[in-house]
Each structure stands twice: as structure tokens, then as C-alpha cells.
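*Asks:* Here's a structure for you.
The values are calculated or read from the model by the stated rules, or taken from the named source; none is laboratory data. Remember, predicted model here, so these are calculated numbers, not experimental data. Cβ sites come from the backbone with ideal geometry, for glycine too, and all protein chains shown count toward neighbours. Just the protein is used for accessible areas: all its heavy atoms, side chains included, with ligands, DNA and RNA removed. Shrake-Rupley method; radii C 1.70, N 1.55, O 1.52, S 1.80 Å.
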Amino acid sequence: AGLILLLHSLSNQLLLRESARLEQEMIRCDLSRAFNAVLAEFTDLKRVAGSLAKSDATCRFIETPSQGYLDENVTAGKFRDSGLDLLVILKPDGGRVMARAIDVEGTSLLPGGFDNIKADSPLLCREPEPGKENGFMVMNGRPMMLVSLPVLSSTGEAPVRGTMIAGRYLGSEAL
């Protein structure tokens, strides 16, 4: 009877140890999958915003804002199609040129915030190469991913003409 009790105790310890190891492995796998999903979202957001940030038209818009640029590039339909929820264009000193956010229904654009970006803000891009200006913030009580990209000519040449900040709300499925 003592031998059976000893074998039972040892097998329970082995099973518990193996179970804990498997659980840790599953957690690592889930974290890796979540990290890769977030990285893919940031990559896609940079791709979407990058097409506007590397544009002669956006460079001109920073110098001379025009309704024509907004009508062509900043519409509720374009926001919906590209998955954007926020778009901000700033001058090199942080002065806001334009900020738009889409409403919850996705039907119209609202004036966005970002009125007081300081000249030393890490959101401002000073170098032609996009840095690591990615992150999260809470806007209107909802979590949002942000990317910050330098505004450059269509050829990607310096100088940096301004900064474009793009945002995408994280839906419940992403959380």
C-alpha cells in the first residue's frame, strides 16, 4: 500500500510539473501571436499613412492648405476604406495644419484634437527615415494605435516638411 501511495504521489507531481510547463508554453505562444498581430496592425497603419506622408501634394498642403487636398485625400470614404480613424498633419514646429477623426458610425469626419503639440514632442518627425514613433493612446474613451511619419516629397528626399500622425481604434476583437 505504501508503494502504491508513493507511486501515486510521484505521478501527481510529474503531471503537475508537466501541466505547468505546457501552460507556460501556451501562454508564450499566445503572447507571441498577440505581438505579431499588433505588429501587423502597425505595419498596415504605416503603409496606409505612408502613401499620404510621402507625397508632393501633402507637402504643398502643409505650405498652403486647400479644400481641394481635403476633398481628394481626407474623406469619410477614404477613412473607411483604409481603416483610418484619425489623421493629423503638423508643421515642423508642431503647429497643426489639419486634424480629422471619423465618427463612430463611420459616416462623417469630425475635427480632431492635437492642438498643443510642443516643438520637442517625440511625435514630431525630424528625420527623413521613419523612426519608432508608434504607440497607443486613449481617445474618446477608446484605445487607439498611433503612428507618426515624416512628410516628405514623393521621391522621399529631405527636408522633412512636417509630420503625419495616423490612428486606428482597437476594436473589441483586437483586445
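*Asks:* Calculate, in nm to one decimal, what MET26 and MET137 gain on full extension: separation in residues at 0.36 nm each, minus their alpha carbon distance. Let's see the in-between values first.
*Replies:* On the way: separation 111, 0.36 × 111 = 39.96 nm, distance 2.88 nm.
Length gained, MET26 through MET137: 37.1 nm.
*Asks:* Hey, another quick one. Solvent-accessible area per residue for the chain at a 1.4 Å probe radius, Å²? The partial results should precede the final answer.
*Replies:* Values: 10830 Å² over 175 residues.
Result: 62 Å² per residue.
*Asks:* Taking P(r) over Cα pairs in 10 Å bins from 0, in percent straight from the coordinates, which label in [x] 9, 27, 21, 16, 12, 7, 4, 2, 1, 0, 0; [y] 9, 32, 26, 11, 7, 6, 5, 3, 1, 0; [z] 9, 30, 32, 20, 8, 1 is the correct one?
*Replies:* Entry [y].
*Asks:* Counting only protein heavy atoms, what percent of the accessible surface of the chain is carbon or sulfur at a 1.4 Å probe? The partial results should precede the final answer.
*Replies:* On the way: 6260 of 10830 Å².
The computed percentage sits at 58.
*Asks:* What value, in deg cm²/dmol to 500, does the helix sum -39500 (n - 2.57) over DSSP H runs of n ≥ 4 give at 222 nm once divided by the residues of the chain?
*Replies:* So the helix-based figure for the chain works out to -14500 deg cm²/dmol.
*Asks:* Treating the angle as unsigned and between 0 and 90°, give the value, to the nearest 10°, between the Cα long axis of helix 2-53 and the longest Cα principal axis of the chain.
*Replies:* Result, in degrees: 10.
*Asks:* Looking only at trypsin sites (Lys or Arg not before Pro) in DSSP loops with at most 16 other Cβ atoms within 10 Å, what is the longest site-free stretch of the chain?
*Replies:* Segment 1-117 is the longest.
*Asks:* Over segment 9-74, how many percent of alpha carbon pairs lie in each 5 Å bin up to the one with the longest distance?
*Replies:* 3, 14, 12, 11, 8, 7, 8, 6, 6, 5, 5, 4, 4, 3, 2, 1
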